[in-house]
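**Q** Quick one: the structure is below, questions incoming.
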Amino acid sequence: MRFKGDSVFSLCLLLFTAVLVFLCFSYNPTARLIPLVLGLLGLLLLSVQLLLEISPAGSKNLMFLKDKGDIFSVQGKAQFYPSQTSTFVKINWLQVLRIFTWLAVFVFFLYITYPLVVIPLFIFFFLSVEGRENWRRSLGLAAGTGVFMYLLFSLLLGIF
Amino acid sequence: MNLMELIIPTFIDFFEWPGPLYLVLGASVGMLFGILPGLGGPQAVVLLLPLTFGLEPRLAITTLIGASGATAFSGSVTAILINTPGTAVNAATCFDGFPLARQGKAGMALGASATSSALGAIFGAIILTLVLPIGRKLVLAFSYPEYFMLAILGLSIIVVISRETLLKGFIAAILGLLFSSFGYCGITGSVRFTFGLIYLWDGIKLVPALIGLFAIAEAVDLFIGRGTIARTERFEGAITGVFEGVKSVFKHFRVFLRSAIIGTIIGIIPGVGGSVSNFIAYAHIVQSSKDKEKFGHGDIRGVIAPEAANDAKDGGALIPTLIFGIPGSIVMAVLLGALMIHGIEPGPRMMLDYPELILILIWALVFSNLFTSTVGLLLSLQLSKITLIPTTIVAPVIFVLSILGTYALNKMFADVVVVLIFGLLGFAMKRFDYPRISLVIALVLGGLAQKSFHQTIMALGIKGFIIRPISLGLLIATIVLLVFSLAKSKREGEAV
């Protein structure tokens, strides 16, 4: 039995679906009919998926459900996309979480301050800290993006 | 008014200012995204979607179709010049396009690609225009059971899409259906899965979900990948002989025509799409040629065939989308989402209620391809240099555009939170090979399926699904599709 990133994700989906199934029982029978059927089916399929991922030996009869790769599959396409390295490069999930934290902080400051101040600041700090770009390039892109966003969202669309 | 009688008035409407300006704007964004490998039509359309919210539907559709139509040809520029296809639909163009460029015939290859792309799009649009009146008559016979069966047929297409990841495809679809159950249900009068949040009474909005799943997830992936977008050699040659390439399409007109037909037919089958059509057209031309050995070494027919097919498929893909409201690809799902935010209910009624809009959409498809082929050809060398931009610079700009664009939709920060949640979900789905398109199709069709299911039960009872001939026919078609796909998948699994 082995627990890897894919099985953790499947487990998260399983738990999420289980919560939805549990919530279904608080609705009237007509309202819960379709979500309950879907939720139970989802639980079944996610359990099979989890079994395939954590115990390949115990799931021989389900081999036809396992992922296959050919020229049209995700793996097949990846050979044409050097930047789409999802199937080849090991992911640093800590970096992914850091990026989403940056985005959450950006959204928070958008909420409490003025967007046209936050946008260049976000671009500058994100590029120089997370992207490890030199400060001149970061500053240039921050200024450029700030002006572009001002023209688009403030002058053209009148959002801010 | 008859659909055919509207062709000329809508043509005039299409060129009414500022329509052409929005077409050029959309096509320019589409070209940029088409050239950047890893980004493509879905990302271009998703990012433009919030910006079109304030526009009248005619202009919004023109912008979005302009962007979507522009990606296919622009992706071939980098395929030919630097052996890196801008989008998946240009992958087969590399086989002969890049060898031609190495032989100093880049201009010829680009000329052939531009001409076959533009003519392919026109071919697809003509077929679409001819088929629409037939579909219009068919949908007049539709009621609740047919809508339900149509949604189920649309959902069963997920099996075809997810053949390589069947189980994950089903799981993604169920998640999409469950997400579509969130919020207030008008039929049962209940509120489901809101977790105490008033925001969720309206359910999960399609646009923030799409922006998260595709724009944010792709940008995170690009950022993590680092380096330049295309990690290949720079094109150093000159671009000459373009007119020779243009002439080659007419010289090999049968190759073009056969490929365009293949593209249109594959486009009609929801879920199969352009990434398959270019390979099938290429394979067909190689198989049917007497001099097969020339392919792969710089044969111009190897450029004409995939490019004609992948642009003709857009017209074909619009057939199920416009007639039945079944989105067979991400771009089509986004397009239906765009129609929804403009108050147009996707589905069979759309063709009856908004025929003018549909014809404007067809004009936009044709002219976007003509614009891209012309401008792309003139600027091809400059455009190919865009791929050398570091991904660390592209990604934060996409983040900001996605977040501000989403906020611009309803000026609600809750929408932005949905973008981030779906961004994380989309990234994980991409990394673990869960097909995101299955989730999107289910999210789009889930509401229609649930509503028409309850309406049928209330009006006709359970027998309502089988006593009406069209509904029964759709049910049989769904069963046949599912049985064949599952059997094929099982056979392939046993062979592995």
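**Q** Kindly check whether there is at least one residue in the range B:129-144 that is in a helix (DSSP H, G or I) and either at positive phi or surrounded by 24 or more Cβ atoms within 10 Å (Cβ to Cβ) (or both).
**A** Quick first cut of the range B:129-144, residues in a helix (DSSP H, G or I) only: B:129-139, B:144.
Within this subset, residues satisfying the condition of being either at positive phi or surrounded by 24 or more Cβ atoms within 10 Å (Cβ to Cβ) (or both) are none.
No, that holds for no residue.
**Q** Could you tell me whether A:P115 is within 8 Å of chain B (Cβ to nearest Cβ) and buried (at least 20 other Cβ atoms within 10 Å of the Cβ)?
**A** Details: within 8 Å of chain B (Cβ to nearest Cβ): yes; buried (at least 20 other Cβ atoms within 10 Å of the Cβ): yes.
In short, yes.
**Q** Just one of A:F80, A:F64, A:F72, A:F88 is modelled with pLDDT under 90 and touching a Cys at 6+ places or on another chain (Cβ under 9 Å); which is it?
**A** So the residue among A:F80, A:F64, A:F72, A:F88 that is modelled with pLDDT under 90 and touching a Cys at 6+ places or on another chain (Cβ under 9 Å) is A:F80.
**Q** Let me confirm something: among B:G176, B:G186, which residue is more than 30 Å from B:N369 (Cα to Cα) and outside any helix (DSSP H, G or I)?
**A** B:G186
**Q** Related question: In this structure, does B:V397 turn out to be within 14 Å of another protein chain (Cβ to nearest Cβ), assigned to a helix (DSSP H, G or I), within 23 Å of A:L152 (Cα to Cα) and free of Cβ contacts under 8 Å to residues at least 60 places away in the same chain? Give the derivation first.
**A** Values: within 14 Å of another protein chain (Cβ to nearest Cβ): yes; assigned to a helix (DSSP H, G or I): yes; within 23 Å of A:L152 (Cα to Cα): yes; free of Cβ contacts under 8 Å to residues at least 60 places away in the same chain: yes.
Yes: the conditions hold for B:V397.
**Q** What number of residues in the range A:11-32 are in contact with a Cys (Cβ under 9 Å, 6 or more places away or on another chain) and more than 7 Å from chain B (Cβ to nearest Cβ)?
**A** The total comes to 1.
**Q** What tally of residues in the range A:120-141 results from selecting those that are over 25 Å from the mean Cα position of the chain (by Cα) and of a type outside the set (D, E, K, R)?
**A** Going residue by residue through the range A:120-141, those that are over 25 Å from the mean Cα position of the chain (by Cα) are A:134-141.
With the extra rule that they be of a type outside the set (D, E, K, R), the set shrinks to A:134-135, A:138-141.
Final tally of qualifying residues: 6.
**Q** Could you please tell me which pairs satisfy a Cβ distance under 8 Å, a separation of 6+ or placement on different chains, a first residue in the range A:78-105 that is part of a helix (DSSP H, G or I), and a second residue that is surrounded by 14 or more Cβ atoms within 10 Å (Cβ to Cβ) and modelled with pLDDT under 50?
**A** From the range A:78-105, the pairs are A:A78/A:Q84; A:A78/A:T85; A:A78/A:S86; A:A78/A:T87.
**Q** Could I ask something else about it? If a residue has to be farther than 10 Å from B:L443 by Cβ and either facing chain A (nearest Cβ under 9 Å) or surrounded by fewer than 24 Cβ atoms within 10 Å (Cβ to Cβ) (or both) to count, how many in the range B:206-216 make the cut? Spell out the reasoning first.
**A** The initial filter retains those residues of the range B:206-216 that are farther than 10 Å from B:L443 by Cβ, namely B:207-208, B:211-212, B:214-216.
Those still in the list that are either facing chain A (nearest Cβ under 9 Å) or surrounded by fewer than 24 Cβ atoms within 10 Å (Cβ to Cβ) (or both) too: B:207, B:216.
Residues flagged as farther than 10 Å from B:L443 by Cβ and either facing chain A (nearest Cβ under 9 Å) or surrounded by fewer than 24 Cβ atoms within 10 Å (Cβ to Cβ) (or both) within the range B:206-216 amount to 2.
**Q** May I pose another question? For the range B:64-74, does any single residue satisfy the condition of being of a type in the set (F, W, Y) and in contact (Cβ under 8 Å) with a residue 60 or more places away in the chain? Can you show your working first?
**A** First, the residues of the range B:64-74 that are of a type in the set (F, W, Y): B:73.
From what's left, in contact (Cβ under 8 Å) with a residue 60 or more places away in the chain: B:73.
Scanning the range B:64-74, I find at least one residue that is of a type in the set (F, W, Y) and in contact (Cβ under 8 Å) with a residue 60 or more places away in the chain, so the answer is yes.
**Q** How about the range B:313-364: which of its residues are out of contact with any Pro (no Cβ under 6 Å at 6 or more places or on another chain), under 22 Å from B:F53 (Cα atoms) and small (G, A, S)?
**A** B:S329, B:G337, B:A338, B:G343, B:G347, B:A364
**Q** Let me ask something else about it. Pairs, please: C-beta under 7 Å, at least 6 apart or cross-chain, first residue under 20 Å from B:I224 (Cα atoms) and in contact (Cβ under 8 Å) with a residue 40 or more places away in the chain and in the range B:26-52, second in a loop (DSSP other than H, G, I, E, B) and of a type in the set (S, T, Y)?
**A** Every condition considered, the pairs that remain are B:P37/A:Y81; B:P37/A:S83; B:P37/B:T84; B:G38/A:Y81; B:G38/A:S83; B:G40/B:T87.
**Q** Looking at the range B:188-200, which of the residues that are of a type in the set (A, V, I, L, M, F, W, C) and more than 8 Å from chain A (Cβ to nearest Cβ) is nearest to B:F453 (Cα to Cα)?
**A** Looking at the filtered set, the residue picked out is B:V191.
**Q** So B:T456 clears everything in (1) surrounded by 21 or more Cβ atoms within 10 Å (Cβ to Cβ); (2) modelled with pLDDT of 90 or more; (3) within 11 Å of chain A (Cβ to nearest Cβ) except one condition, right? Which one?
**A** (3)
**Q** Of the residues that make up the range B:416-439, is at least one at the interface with chain A (Cβ under 8 Å from one of its Cβ atoms), in contact with a helix residue (DSSP H, G or I) (Cβ under 8 Å, 6 or more places away or on another chain) and among the acidic types (D, E)?
**A** Yes, the range B:416-439 contains at least one residue that is at the interface with chain A (Cβ under 8 Å from one of its Cβ atoms), in contact with a helix residue (DSSP H, G or I) (Cβ under 8 Å, 6 or more places away or on another chain) and among the acidic types (D, E).
**Q** Do you know which residues across the range B:359-392 are at pLDDT 85 or above and either farther than 16 Å from B:L110 by Cβ or within 14 Å of chain A (Cβ to nearest Cβ) (or both)?
**A** Taking the range B:359-392 and keeping what is at pLDDT 85 or above, we get B:359-375.
Those that are at pLDDT 85 or above and either farther than 16 Å from B:L110 by Cβ or within 14 Å of chain A (Cβ to nearest Cβ) (or both): B:L359, B:I360, B:L361, B:I362, B:W363, B:A364, B:L365, B:V366, B:F367, B:S368.
**Q** How many residues, within the range A:33-42, are more than 7 Å from chain B (Cβ to nearest Cβ), over 13 Å from B:F193 (Cβ atoms) and surrounded by 17 or more Cβ atoms within 10 Å (Cβ to Cβ)? It would help to see each step written out before you state the result.
**A** Step one: filter the range A:33-42 for residues more than 7 Å from chain B (Cβ to nearest Cβ), giving A:33, A:36-37, A:40.
This time we only want the ones that are over 13 Å from B:F193 (Cβ atoms), so: A:33, A:37, A:40.
If we keep only those that are surrounded by 17 or more Cβ atoms within 10 Å (Cβ to Cβ) too, we end up with A:33.
Within the range A:33-42, residues that are more than 7 Å from chain B (Cβ to nearest Cβ), over 13 Å from B:F193 (Cβ atoms) and surrounded by 17 or more Cβ atoms within 10 Å (Cβ to Cβ) number 1.
The values are calculated or read from the model by the stated rules, or taken from the named source; none is laboratory data. Please read these numbers as outputs of a predicted model, since none were measured by experiment. Glycine also receives a Cβ, built like all others from the backbone with ideal geometry; neighbour counts cover every protein chain displayed.
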